[in-house]
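Student: I'd like to ask you about the structure that follows.
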Amino acid sequence: MKKSTFLAVALGVCASLPSFSFRPPTMGWSSWNTFALNINEDVILGQAEAMVKTGLAKAGYKYINIDDGYFLPHDKETKLLGVREDRFPHGMRYVADEIHKLGLKAGIYSDAGANACGGSKDIGYYGYEVEDNILFFDTWDYDFVKVDYCGGRQLNLDEKEQYTKIIQAIRDNVKKKDVVFNICRWAYPGTWVSDWADSWRTTGDIYCAWPSVKAIIKENLYLSAYTHDGHYNDMDMLEIGRTLSQDEEITHMAVWCILSSPLLIGCDMSQIPEFSLNLLKNKELIAINQDVLGIGAPVVQRNGEVYVFAKDLKKVRGKERAVCVTNLSDEEQTIEVSVENIGYEGNISVRDIVNHKLVSASVGGKFKVTVPAHGSQVFVTKGALRCEPKKYEAEASWMKCYQEISGDKTATYMPSDKSSGGAIVTNLGHNKENYMEWKQVYSKNGGDYEMTISYITGEERPLAISVNGETPRIEKLKGPNWESVVTKTVRIKLNKGMNTIRLGEQDTWAPDIDCIQLSAI
Ligand code: GLA
């Protein structure tokens, strides 16, 4: 919730430090997936002990999060939240103290409205924003809160207003610093969220079966731009250690790691199968998740239902990258991964970090990857030469007004077979703020470029193009129909290093955008 003082140096990483104070994705356990409403003091403290005994705590998992089911309605006079003494006979402070004694951190649960998703009434923050925050963090000494929205929805509250009111109450009234705040609104709420919360759920609830894991991955394919500066899309709690197949568990862990989702174990840690335990403790996967850059990984290549994600590790445009090849189809697939697509030119080394082996030490051009049905291969790549990217997909851009809640016509991505990457950006423009932006357009030397815009429109529409914050210039773009992708090439000037390219239109709707391609003149 507050930008933490936990600096990258504390991770022992001697890399270039990000310019913000950094907190990695939350790692821990949550009671919901296995125990649902059937929680009590013994269950919670038993799991805390198991987290230490299994070595999961040593691997980095720290938070023991109590989900729905511990509370009773607020007392109208004292304004105090009730606790189910039949389940927590020593009270909630005692539980947090016991968790802390094990060197772990404690998490609690509430709702932005009055009622909880599990049916409890009058237990939520609504009307008790200050009182409940003081209770959770100062009186009870919890370190994390997940704030659900069933009650908020029942009261028809405005998400931004109510969540920011609760977080402002923490900032103004709570003595404890570094409280971790998780929003559980089951959809991307809007770009305001990264100024306020540490993480936010992007989808409905996960359940322990492949279709659920696959659906959540698909809903997160194009949200990487919104995970940044140490604030994260939360893909929901892990179902590893329950009934998924080994390949499915690898995909679950790999994609959650490369997209920098919080890692909250959801199984019973006292009886976790060895394969799952080793996967959850995989040091190299965890390092990708906890990486000091705190960023997500865009899709850099797609072959049917096989997606390749890639992101920098340790240093922006440094030598090292994480690459995950995920097969969402029901058949084994072999694809060729392009070295250029994953960000390099020349030779690279490719290390498989799930099977702990060097796959290839001097790959030039392309390399073959075979991935089982529902499986993933995860690599750390190293190469001295990074390429200057030529193509920027629209669906990987950051859209200022992007949100999945209000139903307002704001810029959004939409699957499209005709597009180069599998999706286009639609509903762009009509408002100065409703723009899309690539914030990291890299130029080796700077100078003049041709920028080819691939777009779709059935009528003449203007597009405002602005590079590095300069006054936008308006191009009038024509297209034959709403089916075909057409192109227009314009000249732009880029600075040496990173640039920002913004597309939008303040008065009328802009064309739909597929991608931009750059070539130095
Ligand atoms: C909602 C949340 C879940 C869980 C339950 C508890 O469905 O999305 O993660 O917290 O409520 O009732």
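The values are calculated or read from the model by the stated rules, or taken from the named source; none is laboratory data. Everything numeric here is computed off the predicted structure, so don't read it as measured data. Here the Cβ is made from the backbone with ideal geometry for all residues, glycine too, and neighbour counts use every protein chain on show. When the accessible area is computed, the model is the full protein with side chains, heavy atoms only, and any ligands, DNA or RNA have been set aside. Shrake-Rupley method; radii C 1.70, N 1.55, O 1.52, S 1.80 Å.
Student: Anything in segment 220-230 that is crowded, with 22+ Cβ neighbours inside 10 Å and more than 13 Å from Tyr188 (Cα to Cα)? List them, or say none.
Tutor: Listed by number, the list holds a single entry, Gly230.
Student: Examine segment 407-428 for a residue that is modelled with pLDDT of 95 or more and more than 24 Å from the chain's Cα centre (by Cα), and state whether such a residue exists.
Tutor: No, segment 407-428 has no match at all.
Student: For segment 497-521, enumerate the residues that are open to solvent by less than 10 Å² (accessible area, probe 1.4 Å), assigned to a strand (DSSP E or B) and not acidic (Asp, Glu).
Tutor: Asn499, Ile501, Leu503, Gly504, Ile513, Cys515, Ile516
Student: Also, I was wondering about something else. Here's a check for you: in segment 311-335, which residue that is under 20 Å from the mean Cα position of the chain (by Cα) and open to solvent by 60 Å² or more (accessible area, probe 1.4 Å) is nearest to Pro24 (Cα to Cα)?
Tutor: Initial filter on segment 311-335 (under 20 Å from the mean Cα position of the chain (by Cα)): 311-316, 321-328.
Cutting the leftovers down to open to solvent by 60 Å² or more (accessible area, probe 1.4 Å) gives us 314-316.
Numbers: Lys314: 13, Lys315: 15, Val316: 16 Å.
Among those residues, the one meeting the criterion is Lys314.
Student: Looking at segment 151-160, which of its residues are more than 22 Å from the chain's Cα centre (by Cα) and in contact (Cβ under 8 Å) with a residue 24 or more places away in the chain?
Tutor: If the condition is that a residue be more than 22 Å from the chain's Cα centre (by Cα) and in contact (Cβ under 8 Å) with a residue 24 or more places away in the chain, then Gly151, Gly152, Arg153, Gln154, Leu155, Leu157 are the ones that fit.
Student: Now, a different point. Let me spell it out: the conditions are (1) open to solvent by 20 Å² or more (accessible area, probe 1.4 Å); (2) in contact with a Gly (Cβ under 6 Å, 6 or more places away or on another chain); (3) under 30 Å from Trp438 (Cβ atoms), and Ile272 meets all of them except one. Which number is the exception?
Tutor: Exception for Ile272: condition (3).
Student: May I pose another question? From Asp205, Asp247, Asp234, Asp229, which residue is away from the ligand (no atom under 16 Å from the Cβ) and at pLDDT 95 or above? Before you say what the answer is, go through the steps one by one.
Tutor: Working: Asp205 fails: away from the ligand (no atom under 16 Å from the Cβ); Asp234 fails: away from the ligand (no atom under 16 Å from the Cβ); Asp229 fails: at pLDDT 95 or above.
Among Asp205, Asp247, Asp234, Asp229, only Asp247 is away from the ligand (no atom under 16 Å from the Cβ) and at pLDDT 95 or above.
Student: Can I ask one more? I'd like the full set of residues that are charged (D, E, K, R), farther than 13 Å from Met235 by Cβ and surrounded by fewer than 15 Cβ atoms within 10 Å (Cβ to Cβ), limited to segment 179-219.
Tutor: Just the residues of segment 179-219 that are charged (D, E, K, R), to begin with: 185, 195, 198, 201, 205, 214, 218-219.
Filter again for farther than 13 Å from Met235 by Cβ, leaving 185, 195, 198.
If the condition is that a residue be charged (D, E, K, R), farther than 13 Å from Met235 by Cβ and surrounded by fewer than 15 Cβ atoms within 10 Å (Cβ to Cβ), then Asp195 is the only one that fits.
Student: Continuing with the same structure: From Ile134, Ile123, which residue is crowded, with 21+ Cβ neighbours inside 10 Å and among the aliphatic types (A, V, I, L, M)?
Tutor: Ile123 is the lone residue from the list that is crowded, with 21+ Cβ neighbours inside 10 Å and among the aliphatic types (A, V, I, L, M).
A quick yes/no check of all residues on (1) open to solvent by less than 30 Å² (accessible area, probe 1.4 Å); (2) out of contact with any helix residue (DSSP H, G or I) (no Cβ under 8 Å at 6 or more places or on another chain); (3) part of a loop (DSSP other than H, G, I, E, B):
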| residue | (1), (2), (3) |
| --- | --- |
| Val369 | yes, yes, no |
| Phe379 | yes, yes, no |
| Tyr413 | no, no, no |
| Val425 | yes, no, no |
| Trp438 | yes, no, no |
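Student: Separate question: Would you say Ser338 is farther than 21 Å from Phe367 by Cβ and either open to solvent by 20 Å² or more (accessible area, probe 1.4 Å) or aliphatic (A, V, I, L, M) (or both)?
Tutor: No: the conditions fail for Ser338.
Student: Would you tally the residues in segment 208-226 being touching a residue at least 40 places away in the same chain (Cβ under 8 Å) and either among the basic types (Lys, Arg) or more than 16 Å from the ligand (Cβ to nearest atom) (or both)?
Tutor: Qualifying residue count, segment 208-226: 10.
Student: What do you reckon, is Glu77 among the charged types (D, E, K, R) and under 20 Å from Val179 (Cβ atoms)?
Tutor: no
Student: Does any residue in segment 470-492 that is touching a residue at least 12 places away in the same chain (Cβ under 8 Å) come within less than 6 Å, Cβ to Cβ, of a residue that is part of a loop (DSSP other than H, G, I, E, B) and open to solvent by 90 Å² or more (accessible area, probe 1.4 Å) six or more places away or on a different chain, and which pairs are these?
Tutor: Within 6 Å, the pairs are Lys476/Glu460; Lys478/Glu460; Val485/Lys418.
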